[in-house]
Amino acid sequence: MQSKIGGGGLPPAFSLFPSLNKTFTFHQILVLIITFLAYASFHASRKPPSIVKSVLGHSVNEQSNSPIDNRWAPFKGTEGMQRLGELDLAFLSSYALSMYFAGHLGDMIDLRLFLVFGMMGSGILTVVFGLGYWMNVHLLGFYMTVHIVCGLFQSIGWPCVVSVVANWCGKEKRGLIMGVWNSHTYVGKIVGSIVASSVLDSRWGWSFALPGGLVIVSGLVVRIISDLNLATSI
């Protein structure tokens, strides 16, 4: 069984290992590694909002049982948790609705480029959310808009990686392959939680900037090292 390399051209890293015997099995393993890295980074960039809620939202004085107004507007005060919930709702709604269109677009264009586009957009929007700290932004509309657009870019990831894995991995041992490969969800969440929480005590903006930068770097790695035209099928 041979893979078809389409007319999309080969990425730069293809010429780095000219002597490597690129068998079909090699391509399959590389696809699994690349897509694992890609979607793990997507999940890592989704963790900051849940980690930073403890800093953004209102806190309670344990002695008087009254809210302490020392958090980040517009999320401080008694309505702070409600507004954080609205952010989650905005992101999930954007993500769910955009998934339909992302799947259709993925069928029409180069999946490799589309995946990298989604990773770059997700990373940049995550960093922009964190910039709200250094820019001293206290507008709910700013954070809501960033979260909605980020959900749009995040929706690109899943249709791309699933389509790629389905194209390159046949029915044989599909259950085993998908079981191991799908652990990217938890690996990404663990990495995102560790990275975001490690800098939470200093400035909460870093809790978004670092995971966002991780997605951007992962996107560059995916673009550089992949030596397959992922838009083609077996």
Conditions (1) outside any loop (DSSP other than H, G, I, E, B); (2) at pLDDT below 95; (3) among the aliphatic types (A, V, I, L, M); number of the one not met by I216: (2)
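I'd like to know if region 156-170 contains one or more residues that are in a helix (DSSP H, G or I), surrounded by 14 or more Cβ atoms within 10 Å (Cβ to Cβ) and aromatic (F, W, Y).
Among the residues of region 156-170, at least one is in a helix (DSSP H, G or I), surrounded by 14 or more Cβ atoms within 10 Å (Cβ to Cβ) and aromatic (F, W, Y), which makes the answer yes.
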Sole residue being of a type in the set (V, I, T), in a helix (DSSP H, G or I) and touching a residue at least 60 places away in the same chain (Cβ under 8 Å), chosen from I224, I194, I148, I190: I224
Among (1) in a loop (DSSP other than H, G, I, E, B); (2) crowded, with 16+ Cβ neighbours inside 10 Å - the single one T126 does not satisfy: (1)
The listed residue being over 14 Å from the mean Cα position of the chain (by Cα) and under 18 Å from A102 (Cβ atoms), out of V165, V161, V180: V165
Count of region 73-101 residues which are part of a loop (DSSP other than H, G, I, E, B) and within 20 Å of S45 (Cβ to Cβ): 1
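Filter region 197-209 for residues that are closer than 20 Å to G121 by Cβ and in a helix (DSSP H, G or I) and give the result.
S207, F208, A209
Would you tally the residues in region 179-194 being surrounded by fewer than 16 Cβ atoms within 10 Å (Cβ to Cβ) and not hydroxyl-bearing (S, T, Y)?
Residues in region 179-194 being surrounded by fewer than 16 Cβ atoms within 10 Å (Cβ to Cβ) and not hydroxyl-bearing (S, T, Y): 5 in total.
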Of all residues in region 93-133 being small (G, A, S) and within 13 Å of G157 (Cβ to Cβ), the one that is modelled with the lowest pLDDT: G106
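The values are calculated or read from the model by the stated rules, or taken from the named source; none is laboratory data. Computed from a prediction, not measured in an experiment: that's the story for all the values here. FYI the Cβ positions are ideal-geometry reconstructions off the backbone, even for glycines, and counts take in every protein chain you see.
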